[in-house]
Amino acid sequence: MWPSDHRPIVLSFSLEHEDRGHGRFYFDKRMVGKAGIEEAIARGWEGDPSQALSSVMDRLSRCRSELSRWKKRVHFNLHDLWFPNSRVWNAQKLFDTLTEEDALQILKIKPLQNGHDLDVWGFTKTGSYTTQTGFSQSSVFLNLHYMVAGYKQQRSDRDNLKAFPWILWNLWKGRNALVFENIRVTPNSTVVKALEEAEIWYQAQQPDQNTSMEKKSTNASLGIWEKPPPDMVKCNVGMAWVDTGTMSGASWIARDYQGQPLHHSRQALIGSSTKRESDLRSLLWAVQAMGDLRHKNILFEASSVETRQALLNPTSFPDLSPLILKILELLNGFEKWTISYVSRHINRAAATIAESVTFGPYLQSYVASGGPRWLHKMLQEDMRNT
């Protein structure tokens, strides 16, 4: 066990029952190494194995009680810092126990010859400390406490509250973007990203039951490409892998809410050792391109099962984690984004362009406006079908 080297702070939780019959308990490094201290903490934290799981506050309360009983048994208290039979500070013990700054402050305090010592918070008239007096209403601590407490309430919107770790993470990232890069992230974008990242994580925790990965809308079930909403751009990503060769094909085609092609591109990828790596490189390239073209709201579609598995459960593919993390980092630069798995037929335009790199006569890499002329008929069919 190691003691904290931080200055002590006293916290009272707003939902904590006030008990004026008991004083505050403090843990300091004088306790470390004392006989029975670790056993007391273990008893308090683990509790009764036959009882239901306890909350963190319950565990801390039990630890407090066990440590208080331990202190009484070993007579470990404030007077240990005084010279025997006096109320004069033992400077050597103070400096051994506390930081130099705190020891110097305590040496200036004259203990009362009669009466009891009190713990007070100097910023309130009553001397009491609570989360309301110690923190502003906009503090991170209070908001975190609210979300944890709210999640335990059955009436709460648990689908949103379960995403609060991702909300806090995206708030922190947004704060850093504003401070260090002068980039302002909108509140709506922060919430959307947090909910999407939380959903991806929760899906990855579910066992794979070989469920269908087709889109659940009527059009998708018929194998028909869908136009994006008016405020979005849809980017279909094509991936072509050849087992016998060292070169694979990649492509993307971006279309607006009317189904009109805005841009398309293709390139040859060299050096991918597996289809999963090649497909992730294709997606990374498409995400980078959408950012370069200044698109803000993107719907990505791909027909790679390997890519879907890697994004939903990145820890299963540690050798590809740099690729996966780079993709997720770039996706967070968009105001709104989604990635969907669709059938190869729905993704046929992008897939055909990618395959042209490995099998067709069109080997050169390029970026162009609109769609390829040799796919005009297919793109027109997609527009009419939706």
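Residues are listed down the side, and each one gets a yes or a no for (1) touching a Cys at 6+ places or on another chain (Cβ under 7 Å); (2) farther than 17 Å from S272 by Cβ; (3) aliphatic (A, V, I, L, M):
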| residue | (1), (2), (3) |
| --- | --- |
| E335 | no, yes, no |
| T338 | no, yes, no |
| A350 | no, yes, yes |
| A354 | no, no, yes |
| A368 | no, yes, yes |
| M383 | no, yes, yes |
### Message
open to solvent by less than 10 Å² (accessible area, probe 1.4 Å) and touching a residue at least 12 places away in the same chain (Cβ under 8 Å): is that true of M247 in this structure?
### Response
no
Reported set for the stretch 279-294 where residues are of a type outside the set (F, W, Y), open to solvent by 10 Å² or more (accessible area, probe 1.4 Å) and within 12 Å of L330 (Cα to Cα) is L284, Q288, A289, G291, D292
Cβ pairs under 7 Å, 6+ apart or interchain, first in the stretch 359-373 and surrounded by 10 or more Cβ atoms within 10 Å (Cβ to Cβ), second at pLDDT below 90, ordered by first then second residue, are Y362/S356; L363/V357; S365/A268
Reported set for the stretch 301-311 where residues are of a type outside the set (S, T, N, Q) and farther than 23 Å from M232 by Cα is V305, E306, A310
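Do you know which of the residues in the stretch 184-195 that are open to solvent by less than 80 Å² (accessible area, probe 1.4 Å) and out of contact with any strand residue (DSSP E or B) (no Cβ under 7 Å at 6 or more places or on another chain) is farthest from L328 (Cα to Cα)?
Initial filter on the stretch 184-195 (open to solvent by less than 80 Å² (accessible area, probe 1.4 Å)): 185-186, 189-195.
Now drop any that are not out of contact with any strand residue (DSSP E or B) (no Cβ under 7 Å at 6 or more places or on another chain), which leaves 185-186, 190-191, 193-195.
Numbers: V185: 16, T186: 18, T190: 14, V191: 16, K193: 11, A194: 12, L195: 14 Å.
The qualifying residue farthest from L328 (Cα to Cα) is T186.
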*So K234, is it modelled with pLDDT of 85 or more and out of contact with any helix residue (DSSP H, G or I) (no Cβ under 8 Å at 6 or more places or on another chain)*: yes
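In the stretch 250-260, is there at least one residue being of a type outside the set (A, V, I, L, M, F, W, C), in a helix (DSSP H, G or I) and surrounded by fewer than 20 Cβ atoms within 10 Å (Cβ to Cβ)? Before you say what the answer is, go through the steps one by one.
Here is the first cut: in the stretch 250-260, the residues of a type outside the set (A, V, I, L, M, F, W, C) are 251, 255-260.
Subset that is in a helix (DSSP H, G or I): none.
There is no residue in the stretch 250-260 that is of a type outside the set (A, V, I, L, M, F, W, C), in a helix (DSSP H, G or I) and surrounded by fewer than 20 Cβ atoms within 10 Å (Cβ to Cβ).
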Checking I41, I9, I106 in turn, the sole residue that is at pLDDT below 60 and either surrounded by fewer than 12 Cβ atoms within 10 Å (Cβ to Cβ) or not basic (K, R) (or both) turns out to be I9
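The values are calculated or read from the model by the stated rules, or taken from the named source; none is laboratory data. Quick caveat: nothing in here was measured; it's all calculated off a predicted structure. Every residue, glycine as well, gets a Cβ built from its backbone with ideal geometry; the counts of neighbours run over all protein chains shown. Protein only, heavy atoms only, side chains kept; ligands, DNA and RNA dropped before computing areas. Shrake-Rupley method; radii C 1.70, N 1.55, O 1.52, S 1.80 Å.
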